[in-house]
Amino acid sequence: MKKATTALLAAALATSAQAKELDASNPVAVDIGGYAWFNDLSGDIRTDIRDDDINTRRQINDSATSGVFYGKLEHYVWFLPNLYVAQTFLNHEARDVTGSRVTLDYTHTDLDLYYNALDHEIAKISLGLGARIYSGQVQSVILPDSPDINNVLPMFYGYAQFNSFVDGLSLNIETLIGSNGGDDNYDYRGEVRYVTPVSLGLSLGYRYLDGKLDDKKRNVRLRSDQEFKGVYFGLSFHL
């Protein structure tokens, strides 16, 4: 037992020594990266056209590869929040149950300010608030035009990193939850990441996004309820 305890303490100290300390001499830490998300789409699109009294609902399914890019900026000024920015290019060209083509663009940007509630050599927990900004579109024969998706949701941001006793190897979990009227987003991802001695990170993870959007423009109401889920492979660089 004593030998095991000594080994654990030595591993913890080694992990701590590898971590970058933020102080006046090292005031900023930057983490930039991206990943390819192999995601499956399932859900439905509902439209209400008031002038024509038309109500439709179409179920859609599809698979695609989406690109995600992100960046984090942390500093040693304790009373100022850190910054997290991410861009998800989420495009699908699917077929509904009738065989009609539906183009769904759920592209969105995340802007979050957060604080590190816990910053230890073994674990790190970050909590914050921000916004998710959609900049997409829906195209379908059931729609009189192609309405833009430009919804904005306030979001809760949570991130946890659990370091192993192998230098550079960690388990990371990210949560983004937001709601605004009829819009609801629940976005979770978990990954195993290894950072090499040259600060290059390799990650393998899984992301699940449940996105409900309710958009009203002129006489058309568009309600979209979609699930995106799948594995991803990523690269990152730490400065």
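The values are calculated or read from the model by the stated rules, or taken from the named source; none is laboratory data. It should be emphasised that the depicted structure is a prediction, and the values quoted were computed from it without experimental measurement. No Cβ is skipped: glycine too gets one built from the backbone with ideal geometry, and neighbour counts run over all protein chains shown.
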Q) For VAL231, which of the numbered conditions (1) part of a loop (DSSP other than H, G, I, E, B); (2) β-branched (Val, Ile, Thr); (3) in contact (Cβ under 8 Å) with a residue 40 or more places away in the chain fails to hold? A) (1)
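Among the candidates SER179, SER224, which residue alone is modelled with pLDDT under 95, surrounded by fewer than 16 Cβ atoms within 10 Å (Cβ to Cβ) and either out of contact with any strand residue (DSSP E or B) (no Cβ under 9 Å at 6 or more places or on another chain) or assigned to a strand (DSSP E or B) (or both)?
Values: SER224 fails: surrounded by fewer than 16 Cβ atoms within 10 Å (Cβ to Cβ).
After ruling out the rest, the residue left standing is SER179.
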Q) Quick one: is VAL68 modelled with pLDDT of 85 or more and either more than 30 Å from LEU239 (Cβ to Cβ) or more than 22 Å from the chain's Cα centre (by Cα) (or both)? A) no
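I'd like to check something: does the stretch 193-205 contain any residue that is assigned to a strand (DSSP E or B) and under 20 Å from SER135 (Cβ atoms)?
Step one: of the stretch 193-205, the residues assigned to a strand (DSSP E or B) are 193-195, 200-205.
From what is left, the residues that are under 20 Å from SER135 (Cβ atoms) are none.
Within the stretch 193-205, none of the residues are assigned to a strand (DSSP E or B) and under 20 Å from SER135 (Cβ atoms).
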(Q) For the stretch 45-60, check the following and say yes or no: at least one residue is assigned to a strand (DSSP E or B), at pLDDT 85 or above, polar (S, T, N, Q) and surrounded by fewer than 19 Cβ atoms within 10 Å (Cβ to Cβ). (A) no
Q: Filter the stretch 157-189 for residues that are more than 24 Å from SER199 (Cα to Cα) and touching a residue at least 60 places away in the same chain (Cβ under 8 Å) and give the result.
A: TYR157, LEU176
Q: Would you mind telling me which numbered condition in (1) of a type outside the set (Val, Ile, Thr); (2) free of Cβ contacts under 8 Å to residues at least 40 places away in the same chain; (3) not in a strand (DSSP E or B) GLN137 fails?
A: (3)
Q.
Can you confirm whether LEU80 is at pLDDT 80 or above, assigned to a loop (DSSP other than H, G, I, E, B) and surrounded by fewer than 17 Cβ atoms within 10 Å (Cβ to Cβ)?
A. yes
Q.
Name the single residue that is modelled with the highest pLDDT among those in the stretch 198-221 being within 14 Å of ILE149 (Cβ to Cβ) and among the charged types (D, E, K, R).
A. LYS212
